[in-house]
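Just so you know, all these numbers are worked out from the coordinates, no wet-lab data involved. Not measured: the values here are computed from a predicted model. Ideal geometry is used to build each Cβ from the backbone, glycine not excepted, and the neighbour counts take in all protein chains shown.
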Amino acid sequence: MMELARIDPSRGSRYSPNLHAWLSNPRKKHRPGTSRVYRDSDGTLWIGMMDGRDLIGQRLISVLVAGVQADSACWINLKGVTEVENFWGEYERDGRCAIDREHTEHFVGGESRWRVLGNERECLWCGSHRQVLRRWTEMIVREKWESAPREIDSGSSYCI
């Protein structure tokens with residue numbers, strides 16, 4: 001059984017308050033012991049438990065966004081569902097970086113994620129990711145056909 005105290009957001013902003021709230025929902029006492037993280041063939045992450053070939057749970061991104069409001073459902077016919085090995089160990093160590101290894105997502109409370117030094121920054125949550133700032137200028141040429149008012153040639157004669 002997962003120890004919720006180890007991933008409590010009070011231990012640092014690397015841990016999701018919404019994920020913690022979802023797992024510790026007093027109406028769903030089974031979640032800390034039964035919740036696993038899975039990935040489907042499309043790369044979507046899910047949290048919950050397998051019941052045969054069906055997943056009882058929710059998309060992980062929904063839990064991260066909505067917390068306890070993201071209720072569980074029974075998801076059938078998910079393709080290529082496999083458990084993410086050692087997810088909870090990696091989450092305990094790296095926090096939300098275990099969900100976003102590419103470091104491209106924006107998280108609530110994410111302003112504490114980076115230490116910025118000039119044109120470089122390093123991740124304070126996992127301690128193992130570094131990025132450099134790249135700047136460039138792009139020239140954009142635009143072209144568009146627009147309606148023009150019809151001018152009447154005063155030198156022309158019209159017969160009706």
### Query
Ordered by packing density, taken as the mean number of other Cβ atoms within 10 Å over each peptide's residues, highest first, how do 112-118, 52-58 rank?
52-58, 112-118
### Percent RCO, i.e. relative contact order, over the range 37-83, from Cα pairs under 8 Å lying at least 6 residues apart
42
### Task
Return one quarter of the surface area of the convex hull spanned by the alpha-carbon atoms of the range 1-64, equal to its mean projected area, in nm².
4.8
#### Entry: Over the chain, relative contact order from alpha-carbon pairs under 8 Å, at least 6 apart, %
18
### Query
In deg cm²/dmol and to the nearest 500, what is the mean residue ellipticity at 222 nm of the chain if only DSSP H runs of at least 4 residues count, each as -39500 (n - 2.57), divided by the residue total?
-4000 deg cm²/dmol
### Message
Could you compute how fast the chain diffuses translationally, taking Rh as the Kirkwood radius over C-alpha pairs and applying Stokes-Einstein at 10 °C with viscosity 1.306 mPa s? Give it in µm² per second.
### Response
83
### Task
Post the alpha-carbon centroid distance, the range 72-119 to the range 1-45, in whole angstrom.
11
### Task
For an R0 of 45 angstrom, estimate the FRET efficiency from the Cβ-Cβ distance between Val65 and Trp145 and round to the nearest 0.05.
0.60
